[in-house]
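The block underneath contains the structure these notes are about, expressed in structure tokens.
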Amino acid sequence: MDTIRFITLHPGHFHASLVRKEMVDEVSPLVHVVGPLGPDLIAHLGRIAGFNTRGCFADNVGVRSTRGPAPSSGE
């Protein structure tokens with residue numbers, strides 16, 4: 001069976017991290033997160049870190065974060 005891999009683009013709501021709350025055998029333990037550096041990205045990574053440090057999950061997960069383009073100023 002192929003492994004399912006997630007990419008989170010520009011996380012801005014806490015629901016974006018909930019998909020990583022529980023480990024599922026068919027889903028890769030590595031998640032890719034792409035978004036502009038700012039409070040939303042930092043909060044998202046913090047929630048994932050909190051999930052990752054719980055008991056049996058601590059050694060089985062990883063996050064790869066890439067800073068995306070800055071948000072448009074609308075000008």
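The values are calculated or read from the model by the stated rules, or taken from the named source; none is laboratory data. From a predicted model like this one, the values you see are computed outputs, not experimental measurements. Every residue, glycine as well, gets a Cβ built from its backbone with ideal geometry; the counts of neighbours run over all protein chains shown.
Observations, loosely collected:
- For the range 34-55, the set of residues classified as at pLDDT 85 or above and among the hydrophobic types (A, V, I, L, M, F, W, C) consists of 34, 37, 41, 42, 43, 45, listed by residue number.
- Checked against (1) surrounded by 11 or more Cβ atoms within 10 Å (Cβ to Cβ); (2) of a type outside the set (D, E, K, R); (3) at pLDDT 80 or above, residue 65 passes all but condition (3).
- Selection of the range 1-35 for residues being among the hydroxyl-bearing types (Ser, Thr, Tyr), farther than 15 Å from residue 49 by Cβ and surrounded by 11 or more Cβ atoms within 10 Å (Cβ to Cβ) yields only 28.
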